[in-house]
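Structure, as structure tokens:
The values are calculated or read from the model by the stated rules, or taken from the named source; none is laboratory data. Note that this is a predicted model, so its numbers are computed, not measured. We place every Cβ from the backbone using ideal geometry, glycine too, and count neighbours over all the protein chains shown.
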Amino acid sequence: MTQPNRRTILRGCGVALALPFFESTTSAAAAKRPRRRIVAIDVGLGLHAPNMIPQQSGRDYQLPTYLKLLAEFRDHFTVISGVSHPEVGGGHSSYKSYLTCAPHPNSAGFRNTISLDQLAAAQFGSETRFASLSLSSSGPGLSWSRSGVEIPTLTRPSFVFRKLFLAGKADEQARQMQRLQDGQSVLDVVMDKTKRLQRNLTGRDREKLDQYFEAVREAELRLAKAEAWEQKPKPHVDAKPPRDEPDSKRIVECMRLMYDVMHLALETDSTRFLTYNISGMNAVPVIPGVDADYHNLSHHGKDPDKIAQLTLVESALIQELRGFLKKLQESTEEEASLLDSTMVLFGSNLGNASSHDTKNMPMLLAGGGFRHGQHLAFDRDNNYPLPNLFVSMLQRLGMETDTFGTGSGTMTGLE
């Protein structure tokens with residue numbers, strides 16, 4: 001057997017760790033395991049609960065305003081209420097914990113933990129060109145590394161498309177390969193020097209250095225994988241490269257472009273783990289009937305006029321989600337729809353954006369092979385732990401775990 005070259009070996013702290021061979025995408029184990037995917041979407045300015053949450057629980061609930069827009073997918077999603085992340089407050093800052101469940105995101109000493117998508121990508125990400133993609137309408141995203149570092153986001157659909165499908169010219173590819181190799185060499189040198197430094201450290205400083213080692217190892221994994229995939233041709237798609245919408249206030253058009261490239265990423269199996277942070281804006285979105293600032297509308301204070309306009313904005317968000325679900329349903333893979341193999345988590349880190357309340361987070365889980373068509377209504381006064389849903393999702397991927405974050409079991413009632 002050919003021995004792996006040095007860039008498929010991670011060296012640090014006196015340990016040599018061999019990466020799995022990337023041919024594993026065609027190995028017997030990978031071939032037998034069904035492809036499972038996660039897409040996690042967060043609406044940073046909340047979702048007006050009366051329009052999102054049914055009044056009845058179970059399977060015979062009446063569709064409220066937003067869910068009527070998703071009526072054709074009723075049997076393909078579960079709506080969940082009365083849930084939240086234990087000890088996660090902080091208003092808008094709670095987006096940091098949306099997929100990590102890490103408590104107290106607004107505290108001075110807050111250090112985040114690994115997000116749901118990154119934990120999944122760490123185990124299954126080597127099977128695709130990109131272990132994961134972190135996307136955002138603007139600003140920060142939802143993905144965090146094992147060492148609690150935020151994963152940089154991509155905000156332009158045209159750049160995401162280019163990253164996924166365009167190879168570039170020969171000289172550009174050569175420069176990219178050299179950058180990857182140079183980055184690997186720098187990490188080798190840094191690790192060598194920090195190991196020498198470690199001998200002179202104690203206590204908290206050694207802990208900080210261990211966290212740094214962990215971050216370097218993660219970077220080495222990404223670099224080694226990127227170099228291996230750089231040798232392989234990118235998939236061909238019939239779609240034309242998107243032209244970014246220059247007016248960010250046209251949020252419908254911007255979302256549609258991003259959902260389109262998300263669908264292509266999943267359809268070509270370029271990645272199986274996607275996050276998308278719809279962060280909102282302090283501006284008036286270009287939506288008929290809306291003439292007020294979106295952020296201001298989210299702080300409606302029960303003003304009927306503001307709620308009416310907010311409903312128009314959030315209905316537009318739901319309509320774009322509907323379009324994404326429809327694309328997944330119409331795409332087939334091994335005689336099943338892409339929606340059947342993709343868990344689409346849609347909701348908000350805020351239960352009541354008007355008061356920055358993080359309890360009673362409105363959540364919807366579509367696809368992924370679960371038995372849907374129900375409203376799981378938990379106690380609105382004593383919320384059920386949302387992290388248990390993440391345990392269910394990880395188990396559906398094929399991970400053998402009973403915990404995630406503050407979750408200690410699967411979600412009750414989710415089949």
Leading residue by the ranking (nearest to the chain's Cα centre (by Cα)) among those in segment 91-117 that are crowded, with 17+ Cβ neighbours inside 10 Å, in contact (Cβ under 8 Å) with a residue 40 or more places away in the chain and part of a helix (DSSP H, G or I): Asp117
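Considering only segment 325-335, I want to know if a residue exists there that is buried (at least 20 other Cβ atoms within 10 Å of the Cβ) and not hydrophobic (A, V, I, L, M, F, W, C). I'd like the intermediate steps shown before the answer.
Taking segment 325-335 first, the residues buried (at least 20 other Cβ atoms within 10 Å of the Cβ) are 325, 328.
So of that shortlist, the ones also not hydrophobic (A, V, I, L, M, F, W, C) come out as none.
The answer is no; no qualifying residue exists.
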Residue under evaluation Asn296, criteria (1) in a helix (DSSP H, G or I); (2) in contact (Cβ under 8 Å) with a residue 40 or more places away in the chain, criterion not met: (2)
Near pairs, Cβ below 6 angstrom, 6+ apart or cross-chain, from segment 319-341 (in a loop (DSSP other than H, G, I, E, B)) to any residue that is surrounded by 15 or more Cβ atoms within 10 Å (Cβ to Cβ): Ser331/Glu267; Ser331/Leu338
Filtered residues of segment 46-90 (kept if in a strand (DSSP E or B) and among the hydroxyl-bearing types (Ser, Thr, Tyr)): Thr78, Ser81, Ser84
Out of Ser107, Ser93, Ser84, sole residue that is at pLDDT below 95 and more than 18 Å from Phe273 (Cβ to Cβ): Ser107
Residue that is farthest from the chain's Cα centre (by Cα) [pool: residues in segment 129-148 that are surrounded by 22 or more Cβ atoms within 10 Å (Cβ to Cβ) and at pLDDT below 95]: Arg129
Sole exception among (1) out of contact with any helix residue (DSSP H, G or I) (no Cβ under 9 Å at 6 or more places or on another chain); (2) buried (at least 17 other Cβ atoms within 10 Å of the Cβ); (3) in a loop (DSSP other than H, G, I, E, B) for Leu389, by number: (3)
Yes/no for Asp205 being over 22 Å from Ser331 (Cβ atoms), modelled with pLDDT of 70 or more, surrounded by fewer than 18 Cβ atoms within 10 Å (Cβ to Cβ) and not assigned by TED's automatic domain parsing to the domain that holds Ile287: yes
Looking only at segment 241-284, and only at residues there that are polar (S, T, N, Q) and surrounded by 18 or more Cβ atoms within 10 Å (Cβ to Cβ), the one that is nearest to Ala40 (Cα to Cα): Thr275
Filter result (in a strand (DSSP E or B) and under 21 Å from Asp379 (Cβ atoms)) within segment 346-358: Gly347, Asn352, Asp357
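Test Ser341 against the stated conditions and say whether it is of a type in the set (Gly, Ala, Ser) and surrounded by fewer than 16 Cβ atoms within 10 Å (Cβ to Cβ). Spell out the reasoning first.
Working: of a type in the set (Gly, Ala, Ser): yes; surrounded by fewer than 16 Cβ atoms within 10 Å (Cβ to Cβ): no.
No.
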Any hit, segment 55-72, residues being within 23 Å of the chain's Cα centre (by Cα) and farther than 20 Å from Val344 by Cα: no
